[in-house]
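Structure record follows, encoded as structure tokens.
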Amino acid sequence: MKKVVVAALGAVLVAGATGYISVLESDAEAENTELQESAQVSTRFSDISWKKVMESVPDYYTPPPPPKKKQNNDGKKAEKKKPKPTLISDARLMGVVEGESPAALVALPKTKEVQRIALGESWLKPWQLARVHADSVTWKNTETQKEHVQHLFR
């Protein structure tokens, strides 16, 4: 009986060793096959410019903005933009004073200062305060006689 057990154990060991060796060989073959397939795929698609393909689809690519020119063709620096002229509508009417000496309380542009301007006075030439109403004032241009109505907080 002892001989049968030893023979069976020997057969199991031989079968296990054979199976282990065959698995190692098949893994090496599979890895080699994968390398060959990836090499074939990379050579098959190596001539395609994927960047150009993606740029041709507008959902995936937005062209960069053109560079800003800081110099003219002559090599001179570009002229600075002229500042926007101050308009009568740039100030904000913060309040009105009615009564014996009507006036407007105006927040001047580019400052946080509120200035009191009486009838006939001005904060911007040639505009003068012409009339004061309950919720607005009327400015009059002394050169063109044009009138501008300015409402509270607008």
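A few points about this structure:
- Computed over Cα pairs, the Kirkwood radius of the chain leads via Stokes-Einstein (1.002 mPa s, 20 °C) to a diffusion coefficient of 85 µm² per second.
- Estimated inter-spin distance, Glu100 and Leu35, nm [label 7 Å along Cα→Cβ]: 10.6 nm
- Cα gyration tensor shape of region 88-151, rounded if a/c is under 1.5, else prolate or oblate by comparing a/b with b/c: oblate
- Each principal axis of the Cα cloud of region 2-55 was taken in turn, and the coordinate range along them, longest first, works out to 77, 16, 7 Å.
- Computed on the chain, with alpha-carbon pairs under 8 angstrom and 6+ residues apart, the relative contact order is 12 percent.
- Proxy reagent accessibility, fewest Cβ within 10 Å first, across Asp90, Asp135: Asp135, Asp90
- Gained length - Val12 relative to Asn141, 0.36 nm times residue gap less alpha-carbon distance: 35.2 nm
- Anchor Lys3: lysines whose Cα lies under 22 Å away (excluding residues fewer than 8 positions away in-chain): none
- Using a cut-off of 25 Å between Cα atoms, the listed pairs Lys68/Lys112; Lys84/Lys140; Lys68/Lys110; Lys125/Lys146; Lys81/Lys146 include Lys68/Lys112; Lys68/Lys110; Lys81/Lys146 as exceeding that distance.
- Label point distance in nm, Val57-Glu25, each placed 7 Å from Cα along Cα→Cβ: 4.5 nm
Coordinate-derived values only; no laboratory data. Not measured: the values here are computed from a predicted model. Note: ideal-geometry Cβ built from the backbone for every residue, glycine included; neighbour counts use all protein chains shown.
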